[in-house]
Amino acid sequence: MDNFTKFNTGRPYFNVNTILDFAPLTEPQKVHLTKVYTTLALSALVTFLSVVINGPWALLHPLFGVLSVLGSLFYIIFTKTSRNDSNYKRLVALLFFSLGLGITYRNYVLQAFAFNPEIVTTALMGSIGIFGSFSLASLFMKTRTAMYLGALIFSLSNYIMMVNFANYFFRSKFVNNVTLILGLFLFVGYIAFDTQMVLKEVKNGNEDYIYHAMMLYYDLFALFLELLIYLMEKEKSKSKKDKN
């Protein structure tokens with residue numbers, strides 16, 4: 001029995017298939033996406049707990065989190081296999097990936113929460129809502145549309161990188177705000193594009209749900225972080241105006 005099936009036994013409170021039944025998907029794609037989204041939810045839970053619980057990882061330097069993320073990333077990429085014992089190891093690696101994200105950005109999230117708790121809750125609920133909406137919307141997207149979207153987001157990525165590099169020297173507040181907003185649109189595009197790529201790979205026989213869950217979870221976390229930074233900058237500007 002597949003390790004995911006063992007993990008997902010019992011009657012769930014929320015059935016992903018209820019939503020997937022409305023999408024024009026094949027049965028293998030529905031089964032695969034159910035695995036992906038459930039594994040993604042588990043990853044999000046690990047990151048959430050690593051931030052809110054003051055465990056042993058709270059004493060670790062953020063660099064340890066970065067190394068954990070990179071190590072887990074390379075392990076998952078280079079150990080693609082269908083054997084159950086290896087899948088268990090790759091699932092553990094994914095959890096370390098999620099834990100690493102929590103360790104890396106824990107201090108920043110807690111600082112934002114201390115500054116204004118509403119910033120964190122708004123960023124969290126907003127990113128979940130945006131991710132769910134665009135990930136599900138992409139299930140109905142045509143392949144050609146996905147190709148155009150891919151070209152657009154890669155071009156936008158290059159543009160943001162160049163502008164950020166130039167702004168490193170000019171230090172323009174306006175440019176920084178613009179790139180933050182463009183970054184939000186960029187990660188939304190990645191969510192839709194990567195969901196389409198998952199469907200395409202499943203159609204071609206690639207059922208590596210652990211890698212696909214990691215890819216989509218990183219999109220979700222990056223969107224949350226970008227939204228948190230944007231709201232934090234906006235709140236700081238508002239506080240400065242109130243003081244003046």
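The values are calculated or read from the model by the stated rules, or taken from the named source; none is laboratory data. Computed from a prediction, not measured in an experiment: that's the story for all the values here. Note that each Cβ is placed from the backbone with ideal geometry, even for glycine, and that neighbours are counted across all protein chains shown.
Structural remarks
- Residues of segment 82-103 that are of a type in the set (S, T, N, Q) and at pLDDT below 95: 82, 84, 86, 87.
- Counting the residues of segment 190-216 that are in a helix (DSSP H, G or I) and either more than 22 Å from residue 35 (Cα to Cα) or in contact with a His (Cβ under 7 Å, 6 or more places away or on another chain) (or both) gives 3.
- Among residues of segment 100-117 that are surrounded by fewer than 20 Cβ atoms within 10 Å (Cβ to Cβ), those with a beta-carbon under 7 Å from a residue that is among the acidic types (Asp, Glu) and part of a helix (DSSP H, G or I) at least six positions away or on a different chain give the pairs 115/235; 116/235.
- Residue in segment 192-202 that is charged (D, E, K, R) and surrounded by fewer than 19 Cβ atoms within 10 Å (Cβ to Cβ) present: yes
- Remark: pairs (first residue in segment 183-201, under 22 Å from residue 160 (Cα atoms); second residue among the basic types (Lys, Arg) and part of a helix (DSSP H, G or I); Cβ separation under 6 Å; 6+ apart in sequence or on different chains) are absent.
- Check on residue 62, modelled with pLDDT under 95, under 20 Å from the mean Cα position of the chain (by Cα) and more than 19 Å from residue 213 (Cα to Cα): yes
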